[in-house]
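The values are calculated or read from the model by the stated rules, or taken from the named source; none is laboratory data. Keep in mind that this is a model prediction, so the values were computed, not measured. Neighbour counts run over all protein chains shown; Cβ positions are idealised from the backbone, glycine included. In case anyone asks, the SASA skips ligands and DNA or RNA and just uses the protein heavy atoms, side chains included. Shrake-Rupley method; radii C 1.70, N 1.55, O 1.52, S 1.80 Å.
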Amino acid sequence: VCTGQVWMCVLMLCDCVCVQAQKLLRERLCHQKLPDQPVGLDSQYKHMLELLRRTAVHGESNSVLIVGPRGSGKTMLLGCVLRELMSLREVQKNVLLVELNGLLQTDDKIALKEITRQLHLENVVGDKVFGSFAENLAFLLEALKKGDKSSSRPVLFVLDEFDLFAHHKNQTLLYNLLDVSQSAQTPVAVVGLTCRLDVLELLEKRVKSRFSHRQIHLFSSLSFSQYVDVVRAQLSLPPDFPDPKFSDEWNHSKLCDDKTVEEILRRNFNGSKDFRSLHSLLFLAVSRVSVSHSTLREADLIEACRLISADSKANVLHGLSILELCLIIAMKHLNDTYDGEPFNFQMAFEHLLQLELVRPVDSGVCKVQREYQLMRLMLEHGQVMEALQKYPQCPTDVKQWALSAFG
């Protein structure tokens, strides 16, 4: 009995340690912290910090674009710059930050509401009606002036997915923000983040003329060996982990030296150097750790890779009803027969109703909305087959499909 109790305690302890390790690593992978200093981006960091410092401290308006592929560190660079900037005493209580995203603020009206909300000026605006976007923005910036009305508080506008704002009608938001950044009345910095190298070509002439044409380019120079080092760092347990023995065994794992794991990591690296996709892969692998296997294995990475690379649309098909699957098959045959020409099932179905080849099932007393009515085919097997045989220029594959269906 005592031996059984001892083993039970050992298993519970192992379970506890595994859960702690798993929780720690998953939290790390989900909630990435900003690095103390952006690696390999020293010149860009200094340039960006000096630019925003001139706005925040000296009241000098600026505009700049941070350009680079997804995962190159644009958001991380800006986050590190803002963290250091906001640590300055003269900046903390003076500078205002407004963050917009082209995926969320899809038109200028929504963007203006978000600017008002982030500047905490909803009560100031109230029910006022403005004649134009420019008038509304000017009122907001005027309301930010200090008590003596002599100077305004600096405002940093961050526009993520900057290129999407260029698709707004007349580019009104971009025009007015850049126009304000050129005036001496309000210290404003407009920072755009985009992965499009041709972003300036999207701007109208009047908008482009008001942009400073400052661009900070980020291109990843990460090597595969550095990428693997990042994997090791992300999967390592800290020195203060409660169980030193478990931590030591975990950290000395040879997982990254395995050829299959190296192949998975290299495929991920070649596909995207974005660390967010790497974190997703590692998160799924770490989630498979349990008491039965308390270390990461090659099979965990293989399964995580399979889940990430799974075709999402193919997975959706698995949940369709038989009727929906039949429609998909019919669409596939139409695509093959007519070289991908567009089609409309609703028009064809309405015509079949008019010809009384299909008709609604009598629902009795209850009334059912037209789109939810159940239908019944009014043709026999022989009638369909005879029609197919006599149909002029009926595609051969349609006949074969029908024969296999009606068998």
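Return the ratio Rg/(2.2 N^0.38 Å) for the chain, where Rg is computed over Cα atoms only. List each step's numbers first, then the result.
Numbers: Rg = 31.0 Å, N = 407, 2.2 N^0.38 = 21.6 Å.
Relative to the rule-of-thumb radius for its length, the chain sits at 1.44.
Span-like helix criteria (full DSSP H runs; alpha carbon extent of at least 27 Å along the helix axis; mean Kyte-Doolittle hydropathy of at least -0.5) are satisfied in the chain by 2-30.
Computed over the Cα atoms of the stretch 42-217, pair by distinct pair, the Kirkwood hydrodynamic radius stands at 16.5 angstrom.
Show me the ranking of peptides 62-69, 36-43 by mean Cβ neighbours inside 10 Å, starting with the highest. All intermediate terms of the calculation are to be shown ahead of the outcome.
Details: 62-69: 21.0, 36-43: 13.2.
Top of the packing list down: 62-69, 36-43.
Go ahead and estimate [θ] at 222 nm for the chain from helices alone: -39,500 (n - 2.57) per DSSP H run with n ≥ 4, summed, over the residue count, rounded to 500. Result for the chain: -16000 deg cm²/dmol, rounded to the nearest 500.
Roughly how many Å² is the accessible area per residue of the chain, as a whole number, for a 1.4 Å probe?
With all protein chains present, the chain gives 62 Å² per residue.
Ignoring any ligand, DNA or RNA, what whole percent of the accessible area of the chain comes from carbon and sulfur when the probe is 1.4 angstrom?
Numbers: 14180 of 25420 Å².
So the carbon and sulfur contribution to the accessible surface is 56 percent.
Among DSSP beta bridges lying fully in the chain, give the percent that are antiparallel, nearest 5. Antiparallel bridges make up about 15 percent of those DSSP assigns within the chain. Look at the dipole of the chain built from charges on Cβ: of Leu88, Ile329, Thr116, the Cα furthest out on the positive end belongs to Leu88. Considering only Gly68, Asn170, Thr106, the residue lying farthest towards the positive end of the dipole of the stretch 48-184 is Gly68, judged by Cα position with unit charges set on Cβ. The dipole here belongs to the chain: it is taken about the Cα centre, uses +1 on the Cβ of Lys and Arg and -1 on the Cβ of Asp and Glu, and is about 1020 debye.
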